[in-house]
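In what follows, a structure is listed as structure tokens, so that the remarks can point back to it.
The values are calculated or read from the model by the stated rules, or taken from the named source; none is laboratory data. Since the structure is predicted, the reported quantities are computational estimates derived from the model, not experimental observations. FYI the Cβ positions are ideal-geometry reconstructions off the backbone, even for glycines, and counts take in every protein chain you see.
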Amino acid sequence: MATISSPGLATGLDVNSIIEKLMELERQPLTRLTNKESTYQAKITAYGSVKSALSTLQTAATTLADATTFSGKSATVSDSTVLSAAASSTAAAGNYSISVTQLAKFHTLRSNTDYAATTDTFNTGNLAISIGGGAAVDVPINGTNNTLAGIRQAINDANAGVNATIVNDGTTNRLMLSSTTSGAVGAISVVATDSGSGGTHALSGLDSAALVQTQGADDAVVAINGLTITRSSNTITDAIEGVTLTLNKGTALEPGTSTLSIANNTAATKTAIDSFVTAYNSIVTMLKTNSAYDAATRKGAILNAEGTVRSIQAELSNLVQTSVTGVAGGIATLSSIGISVQTDGKLAVDNTKLSAALADPTKDVSALFTQATEGNEGIALRFKTSTRALIAFDGLIAGRTDGIKASLKDIDRSREALNVRLVGIEARYRAQFTAMDGLASSLNRTSQYLTQQLSSLPSIS
């Protein structure tokens, strides 16, 4: 028969509690592994934040390393009701006096015959529509489309370069044709040919000779610094190099006049520089905070004493102190245009000095950042190259995090081995206490037997 055992029954000891306490001591290495694992995980997270901050710095440096950041132009007009303007980097700085005496218009014609309803019928035949003297597009009119509404739809379906609509003027219906091309090159010509009969109206009523012009095919006429030019569109891209003009109003009797000013867009450059400084200061602060040591508590931040952090800090410090030789205007460093390194390692911008440098045509601020001469690269280009290397898949940060991940795998293996060992230790403790309990039980039985035997002996007086 199987026996029911309870550890400690013979000895009176709480064997389960004793074993649990002993196992707590045995598990201390496991706790140390868990704490070390948490530290490693925190380091990986911290390096992830550092990598993200460096990526932001790389993006800002990439923008500054692009010469177009420094070649942007701004266009302003004195009267935006007359025209608007936009300038590209190829535009030359300067001022222009502009006078608009005519806007480009879309040629528009209407029928001159009274049509009582859109169902009025026409003779069958053909409408040949041409734009600006180009090849004509035939619009066949047959028994399926020889109503006023049918002709309108047939013209639109033909994609002949005009939009056809029916307008009711309160008395009668008119067919209206509007060119889809502005200016003289959009002039509409219609040749109507009647080849059949049976309609209420003849197709000849839709011939150019019978149509009434409601808006001429006018070109835009504009004078730029006294030079008159004509264009078929109110959007002019080829009058002033790098400048797009959009004309809004002006007639021969009431010319629209405005002054156009093209200038270097230093605001965009200043924004790019400010973004760079902000990104640099962010990574400097992050590295300093995560590697700090508190002497009072004698505790270091998560990346304290990390050689990788010190290497990044040194790299950034060297980059920001870079000197570029041969730049026009006697500028060679960031400090020469108003960007200085503070005692805490961060950058500060003297906006007055920076604005003066950007406005001075003798100072090649662009070259200071973008110069591509090997061995004498611009500051932004050096930052772009260096930060890219730091955050690359085989870069400094990746090398360190790969090492930490390898340590985490070692911890996993050590934990697995320790857990196996702990199972064995607990089993040994239980076996030992079970043996001790068995011995105590045997001694108790022997004691009871001896007591009984002694009590049965005759007493001696």
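Numbers for the structure displayed
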| quantity | calculated |
| --- | --- |
| Of all residues in the range 121-174 being of a type in the set (A, V, I, L, M) and in contact with an Asp or Glu (Cβ under 7 Å, 6 or more places away or on another chain), the one that is nearest to VAL191 (Cα to Cα) | ALA128 |
| Sole residue being touching an Asp or Glu at 6+ places or on another chain (Cβ under 8 Å), at pLDDT 75 or above, assigned to a helix (DSSP H, G or I) and assigned by TED's automatic domain parsing to the domain that holds ASN16, chosen from ARG430, ARG388, ARG382, ARG400 | ARG400 |
| Selection from the range 100-138 of residues that are among the aliphatic types (A, V, I, L, M) and outside any strand (DSSP E or B) | LEU103, ALA104, ALA116, ALA117, ALA135, ALA136 |
| Matching entry among ARG32, ARG110 (being without any contact (Cβ under 8 Å) to a residue 12 or more places away in the chain and out of contact with any Gly (no Cβ under 8 Å at 6 or more places or on another chain)) | ARG32 |
| Extreme residue, farthest from ILE337 (Cα to Cα), among residues of the range 355-379 that are in a helix (DSSP H, G or I) and touching a residue at least 60 places away in the same chain (Cβ under 8 Å) | THR370 |
| Condition check for ILE425: part of a helix (DSSP H, G or I), at pLDDT 80 or above and under 30 Å from ALA42 (Cβ atoms) | no |
| Test for THR352: is it out of contact with any Leu (no Cβ under 9 Å at 6 or more places or on another chain), polar (S, T, N, Q), exposed (fewer than 14 other Cβ atoms within 10 Å of the Cβ) and not in a helix (DSSP H, G or I) | no |
| Verdict on THR289 being loosely packed, with under 14 Cβ neighbours inside 10 Å and of a type in the set (Val, Ile, Thr) | yes |
| Flag for SER49 being over 30 Å from ALA367 (Cβ atoms), among the small types (Gly, Ala, Ser), at pLDDT below 95 and not in a loop (DSSP other than H, G, I, E, B) | no |
